[in-house]
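Below you'll find the structure, written out as structure tokens, and then a few comments.
The values are calculated or read from the model by the stated rules, or taken from the named source; none is laboratory data. Just so it is clear, the structure is predicted and the values come from calculations on it, not from any experiment. Here the Cβ positions follow ideal geometry from the backbone for every residue, glycine too, while neighbour counts run over all protein chains shown.
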């Protein structure tokens with residue numbers, strides 16, 4: 001039943017009109033992170049914008065869903081954990097240490 005509520009909420013969100021805003025300063029989803037994961041640098045950049053309240057509505061709708069969600073699902077991690085790691089890291093080196101602790105060993109080559 002909870003799955004049905006989530007799916008319904010997701011569909012309702014998808015019906016809302018797009019603001020049309022485009023962020024040209026986000027990394028390409030095809031640029032890999034140091035650990036080899038594609039899309040991760042883009043997700044991190046979106047998290048940083050989200051934490052500064054500068055993520056446009058057109059991106060907020062799928063934030064932590066869509067490819068962000070698929071990435072987290074692939075890794076077996078909660079997107080909230082990655083957001084928290086970005087929020088509490090002073091720099092990219094500290095972030096990489098936290099991500100290494102969160103991610104499966106397969107991706108711990110940070």
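Remarks
- Scope the range 1-33; condition at pLDDT 90 or above and within 30 Å of residue 105 (Cα to Cα); matching residues: 26, 27, 28, 29, 30, 31, 32, 33
- Residue list for the range 61-74, filter: surrounded by 17 or more Cβ atoms within 10 Å (Cβ to Cβ) and without any contact (Cβ under 8 Å) to a residue 12 or more places away in the chain: 72
- Evaluating residue 77 against the criteria (1) surrounded by 11 or more Cβ atoms within 10 Å (Cβ to Cβ); (2) free of Cβ contacts under 8 Å to residues at least 24 places away in the same chain leaves one unmet condition, (2).
- Filtered by the rule that a residue be farther than 18 Å from residue 27 by Cβ and modelled with pLDDT of 95 or more, the range 42-68 gives a lone residue, 53.
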